[in-house]
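Notes to accompany the following structure.
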Amino acid sequence: YFSPSLFPPPLPIPVASCLSNLFSSPPLAGDITQKGYEKKRSKLIGAFLPKAPGKGKYHFLSGLPTCLSCAVCFADVHTEAVQAALAKQKERGKMAVPMPSKRRSLVVQSSMDAYTPPDTSSGSEEEGSMQGEGTPTSSQGSINMENWISRAIHGSTTSSTTSSSSTQSGGSGAASRLADVMGQTHLENHSTPPDVTGYTTDSIQVERPQGSTTASRATPKYGNAELMETGDGVPVGGRVSAKIQQLVNTLKRPKRPPLREFFVDDFEELLEVQQPDPNQPKAEGAQMLAMRGEQLGVVTNWPPSLEAALQRWGTISPKAPCLTTMDTNGKPLYILTYGKLWVRSMKVAYNILHKLGSKQEPMVRPGDRVALVFPNNDPAAFMVAFYGCLLAELVPVPIEVPLTRKDAGSQQIGFLLGSCGVTVALTSDACHKGLPKSTTGEIPQFKGWPKLLWFVTESKHLSKPPRDWFPHIKDANNDTAYIEYKTCKDGSVLGVTVMRIALLTHCQALTQSCGYTEAETIVNVLDFKKDVGLWHGILTSVMNMMHVISIPYSLMKVNPLSWIQKVCQYKAKVACVKSRDMHWALVAHKDQRDVNLSSLRMLVVADGSNPWSISSCDAFLNVFQSKGLKPEVICPCASSPEALTVAIRRPTDDSNQPPGRGVLSMQGLSHGVIRVDSEEKLSVLTLQDVGTAMPGALMCVVKPDGVPQLCKTDEIGELCVCSVATGTSYYGLSGMTKNTFEVFPMNSVGAPISEYPFTRTGLLGFVGPGGLCFIAGKMDGLMVVGGRRHNADDIVATALAVEPMKFVYRGRIAVFSISVLHDERIVVVAEQRPDSTEEDSFQWMSRVLQAIDGIHQVGVYCLALVPSNTLPKTPLGGIHLSETKQLFLEGSLHPCNVLMCPHTCVTNLPKPRQKQPEIGPASVMVGNLVSGKRIAQASGRDLGQMEDNDQARKFLFLSEVLQWRAQTTPDHVLYTLLNSRGTIASSLSCVQLHKRAEKIATMLAERGHLQDGDHVALVYPPGIDLIAAFYGCLYAGCVPITVRPPHPQNIATTLPTVKMIVEVSRSACMMTTAVICKLLRSKEASAAVDVRTWPPVLDTDDLPKKKPPLLYKPSNPDTLAYLDFSVSTTGMLAGVKMSHTATSAFCRSIKLQCELYPSREVAICLDPYCGLGFVIWCLCSVYSGHQSILIPPSELEVNPALWLLAVSQYKVRDTFCSYSVMELCTKGLGLQTESLKSRGLDLSRVRTCVVVAEERPRIALTQSFSKLFKDLGLHPRAVSTSFGCRVNLAVCLQGTSGPDPTTVYVDMRALRHDRVRLVERGSPHSLPLMESGKILPGVRIIIANPETKGPLGDSHLGEIWVCSGHNASGYFTVYGDEALQSDHFNSRLSFGDTQTIWARTGYLGFLRRTELTDASGERHDALYVVGALDEAMELRGMRYHPIDIETSVIRTHKSITECAVFTWTNLLVVVVELDGSEQEALDLVPLVTNVVLEEHYLIVGVVVVVDIGVIPINSRGEKQRMHLRDGFLADQLDPIYVAYNM
């Protein structure tokens, strides 16, 4: 099936032009499916395709190393195929891929770095190329300076890259219409996203004014929900939302067909496994037979070893030239004769053996390994050193010259040297001078390298061997001759050992198959240190006394034609090149007249096994046939470090026998079978043969994975070779050696086909008719995606066929796969040209995705472009693949453009969950059991039972308690306020507080003219004024509401909240300090809010002298004592009503739990405006009589150690703080623990340190806090948390007695299904949950199903319901939607105990009975809070808590300091704060996407990278995710980068 008749002729001109019309306008990235190709193209081409087999070569000019500028104008079939695939996508309908938004600074910066005029050193190609491509005379090289500078300054003028680049024009109608809808609705509240799915995308296109996109605009901050207009007249809200809508529309398109079967990932959540498609092609051929190469001829005068050959030629023809080296001008630099080689090698051998170390203790002995470190332009010195080692019976290990201490891959080479036990490195004088030196002139130890003695091999430095000394020349035996290094897919470096007999046999086999004869001239362009360059140019040449003309890489860079010129000049018979050398010659040959290649009898193409080399070979032949090049001269060969030369095409004189060709279907190849392509003309791979097996070798093809079983004749597998002439082991690695060098292929019945072991070559291919070998790729480049095999080289070729020259450099594309969610995912990284604009690059990227999908039917997971010259290079200028992959995975590649397509590629996500109907009551209740489990209920101690000497109990009202204390203990200090220096700013005793409160009551009555029951807003900084004002209100019979004052530096966003609380609470007047009074009347304030509508403002700094005639005494303890307002994390302002009864019960409960008495001191560092924080700051001291040391959290910003120093100085046993305070201490004091210790800070007396919060305990923070201050005496068990919510401000609080807080580990995947599954610590997917403190006295808790309101069993996840004397009595709202939330305060269970009235906390959690006992001797019930119901996100039918996803994301990269997630139109949006340079922003996109997929089985829709401090945090240290969402949708975040994942 390889007859030339299968190749249709190139398409005639008219079709080409028709087709070009088809592709003229670039299609937008489509969704990626496998629909049939469009009819239009096949109709066009159909007419011209031959019906009957016609003659004519199929020129497959394309792919990796070729850009045939104008040299060859053949139909580049692969490019044509790619264009057709793109056109097909276009036919199926335009897709709008939302373009990422990038901050302007980022655009200009990344372009500016790259705007250096192209330097010639930027190697490329598989191993480097001319400045990108072309000759030094190409337009690119002669770019003029002014043009360059102006381009650099103006950046990419066309790109719309303001901080919120506008939607790609031509976006779907719905998207632009959405922008308008959003523009009108003013998006006041995004809590319900508008349902945009209903719009049809018909003919409405919105006209976009073409204004300047760079107009400056004031960035509004959050609180402001009005929409801004940007410079180009698009409502800002429309920007982001329109892009998201584009994304949603794109993602709605059909995906690949769903798959049926699943495997269980040790849980109910099932990941789909790819099932083989029943229709996929299967191998049908017979089992192959092993192919034997011809007999290795025993020639009479072949030397018994290579050293013997050197001795022979060095003595009988010392004047014969052995090696000619060139300088960078192409002039012969030096001619090494066989005589000189022989003498100098002996000198090197003698000196290494006798002049290193001492006579008794020589440094090296025969059999030791020695490193050879020689530059690529000095083959002569290398050759002398190499043969010197052979003569001294040492084992040379040739390696690359380390240029810097951190070269790509150099560390791995160091490991190889270390494992080989190398202590001596041979090098040349020039190289030794060029190595990096320390200040003392020593050569430093390179990273990961062993300590080496550097030995210079130049003759002038060596002493002459004595007359009687002679090297010991033996016949070739099984000793190791040399070690060739090999870099693996993962970057590790292995040493392949080659025995002396293998070395000799390989030289003989090459001599026979290449027909080498004495004194032939051979031109070598390859690296002479390893592989084909070493085998032909250093070893086999000496065996046959040939003359090698060595062309250094540096000369090729300056003059790509140099090798052809040398072939002409020396009438060389043989040349060893790579396809890129042929390609460069093609590009540069235009101006050469006198080229004559008729002397060549063999052109060895070293990388002929790369399938894409065929295009270079064809093109080269096509151009140079007229210059005397004979077609049969081109001899591709296949080789590998392990098996040495695997196959080589023999130079025949019979020009009638054309070389073998195969046009194979890519689809077939991906399933591992060989199918000659018939109908799908687009996705084909054309292969050329690499000749037959080597003389004396046996070759077979085995299945690439699993048992080495022989393949069928139409199956692709790994080539294996059985021959003397192969490597024998990986040095020092017996396990890997066994798997590679000791393979016994089996036939179908499982019997080995030979008693001798085979060596795996690492090459994938098959043996065709006539024993010809065909190579389809390398094992290293193999990527198995969804059960199908793809080769990296093929993907590269397809990417390059998409108009590459304009946007990226050829040969600077890396393709590799990474493993995400149990499958390999393809990543493509390319270097972008400095002059391509954002839109160009993005357009190119989206086309590459479509092309790869069209040709290979595989999705690309991530496509990244990096600035030019930033990918790590190998020593010969190629891309260092494993290093690139490493950088990508650790987030330090710094791309300038990224496009991720997880929605397209990830097809093995678990099925979305279907909710199961709950069990009804009948089957459930039996006594106190639910479905056989104890009902989850628990309670704190009973308040009524406890007899204690609580004097305050006899008073119903706090105001009475204060009056009683002022009479009985007038001078007892209740409150002490500290300033930032830790000194006392002010304090209040019982009587001072009482008197101050009286005066405030008078002021309210006289100046405020307030009636009892009026509401008063108290706008005070945290401190003593606030407390006095609160009791003043109680004395006057008014209802106080504490409000956080506006922030003087940020009035615009903080003042509206103050105004809102004042209005919603219906405050009749405001009380505050003189300073804040002034602030409320300032110019900034009037800009933020309407100051004329404030209620009267009373300044308490100026109090009346007289006291009120009579203090108010409430008649009914169930009347309102105060209102507690707070903004929830979802951005809802909610005020709850606290009655006098509840307030007293609250204080009593805390007094009992924390054992508070007048003799106690408690340090408090939290915000006193709502919840438990307010109660502890303002109320508890008056009730229990203990002294409160007040530390305003804002003072910690000045002095982070303030709180802990106060705790230590006052010998406090109990302290309360907030998470923000704890975080401040952990971050701010992390490095100061030693100095704090020396200042006498001692925390050993602390018995309880309680974090006051309304969320799941932040276990990581509390643990790191405990660990950090353990050295300062803090007991690890002292730190605990509390839990409160709107309906009950404190449900749990650790307190003093009772067991320590417990921690359990639950399965995060079970939680998503609303189930609790306890697991071991450290097991995968485990999530630690800490108990939220002990349930307070007087509190009862039950866990109920939030939907059915039925009780749940122990350890079941449900809503926490609470019943307690200090529950709030309801919401206080203006809007009449009380009915809506009425069940928050008075809910009843649907079955079981249906009488009790419960309040619903709105938090999910579970109760678990522990083995511990509490104070009363009962078994202790622990309450674990999982998260708020209204924060949780429903995705794929499962419930996710934002904090879990955020924790994963923050862990993924060191530069992510904070993260917040929210959903919008079912897309998951991840916002990350970047602590680092903006260049790192794009590194985060793939990492964030990977970690969320791996750990949460979710696909991230949008990744937003912002500056530090953009994610809004409220006073309790909780993230305001809904605020953030509104800010994002209204374009107010000024993000560094927004990526829309496809």
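The values are calculated or read from the model by the stated rules, or taken from the named source; none is laboratory data. The shown structure was predicted, so the numbers you read here are calculated from the model rather than taken from an experiment. Because the Cβ atoms are built from the backbone with ideal geometry, glycine has one as well, and the counts that use them run over all protein chains shown. Accessible surface is based on the protein model in full, side chains and every heavy atom, while ligands, DNA and RNA are left aside. Shrake-Rupley method; radii C 1.70, N 1.55, O 1.52, S 1.80 Å.
Quick look at the numbers
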read-out	value
Spatial extent of region 1080-1239: Rg and Dmax, with the Cα atoms as the point set, Å	19.7, 58
Burial order of peptide ranges 536-542, 1445-1451 (average beta-carbon count within 10 Å, highest first)	536-542, 1445-1451
Relative contact order (percent, whole number), region 486-641, Cα cutoff 8 Å, 6+ residue spacing	20 percent
Length released on extending from residue 467 to residue 415, taking residue separation times 0.36 nm less the Cα-Cα span	14.7 nm
Solvent-free Debye scattering, log10 I(q)/I(0), computed from the Cα coordinates of region 1221-1277 at q = 0.25 Å⁻¹	-1.12
Cα-based equivalent ellipsoid, region 1355-1492: semi-axes from gyration tensor eigenvalues, Å	38, 22, 14
Solvent exposure ordering (accessible area, 1.4 Å, most first) of 1441, 1047	1047, 1441
Cα-based equivalent ellipsoid of region 1304-1360: semi-axis lengths in Å, sorted from largest, via gyration tensor	23, 16, 7
Chain lengthening between residue 1083 and residue 1159 when straightened (0.36 nm per residue, less Cα-Cα)	22.5 nm
Protein-only accessible surface order, largest first, of 90, 1270 at 1.4 Å	1270, 90
Lysines whose Cα lies under 19 Å from that of residue 999, excluding same-chain neighbours fewer than 8 positions away	1105, 1106, 1107, 1113
Accessible surface ranking that places the most exposed of 1418, 1347 first, with a 1.4 angstrom probe	1347, 1418
Residue 308-residue 1277 FRET efficiency (beta carbon distance; Förster radius 45 Å; 0.05 resolution)	0.05
Euclidean distance between Cα centres, region 763-815 to region 318-358, Å	41 Å
Accessible area of region 587-722 belonging to carbon and sulfur atoms, whole % at 1.4 Å probe	49 percent
For region 325-382: rounded, prolate or oblate by the Cα gyration tensor [a/c cutoff 1.5]	prolate
Spherically averaged projected area in nm², based on the convex hull that wraps the Cα atoms of region 376-524	11.8 nm²
Bins of 5 Å, starting at 0 and running to the largest distance - Cα pair percent for region 328-459	2, 10, 19, 22, 20, 14, 9, 3, 0, 0
Segment residue 1393-residue 1477, extension gain: residue separation times 0.36 nm, minus the distance between their alpha carbons	24.3 nm
FRET efficiency, residue 1319 to residue 1418 (Cβ-Cβ, R0 41 Å, nearest 0.05)	0.90
Equivalent ellipsoid semi-axes - Cα gyration tensor, region 805-869, angstrom	22, 13, 10
Solvent-accessible area per residue for region 1002-1140 (1.4 angstrom probe, square angstrom)	43 Å²
For region 1418-1542, convex hull of alpha carbons as volume per residue, Å³	139 Å³
Reference-scaled alpha-carbon Rg (2.2 N^0.38 Å with N residues) for region 678-749	1.39
Burial ranking of peptide ranges 1088-1101, 719-732 (average Cβ count within 10 Å, highest at the top)	719-732, 1088-1101
Inter-site label distance for residue 479 and residue 1211 at 7 Å from Cα along Cβ, in nm	8.3 nm
Evaluated at q = 0.21, 0.24 Å⁻¹: base-10 log I(q)/I(0), Debye formula over Cα of region 1249-1304	-0.83, -1.01
Length-normalised contact order for region 529-606 - Cα pairs under 8 Å, 6+ apart - percent	32 percent
When the convex hull of its Cα atoms is projected in every direction, mean area for region 275-357 (nm²)	15.9 nm²
Relative contact order of region 1109-1160, defined on C-alpha pairs under 8 angstrom at six or more residues apart (%)	28 percent
Debye, to nearest 20: dipole size of region 977-1036, +1 on Lys, Arg Cβ, -1 on Asp, Glu Cβ	300 debye
Among 894-904, 827-837, 1148-1158, the order from most to least packed when residues are scored by Cβ within 10 Å on average	894-904, 827-837, 1148-1158
Restraint check, 1151/1237; 571/630; 331/590; 437/566; 331/529; 573/627, Cα-Cα greater than 26 Å	1151/1237; 437/566
Debye-sum result for region 526-640 in log10 I(q)/I(0), which assumes one identical scatterer on each alpha carbon, at q = 0.14 Å⁻¹	-0.53
Cα gyration tensor shape of region 760-865, rounded if a/c is under 1.5, else prolate or oblate by comparing a/b with b/c	prolate
Distance (nanometres) between label positions extended 7 Å along Cα→Cβ at residue 933 and residue 1047	4.3 nm
Space enclosed by the convex hull of the alpha-carbon atoms of region 1004-1064, per residue, Å³	84 Å³
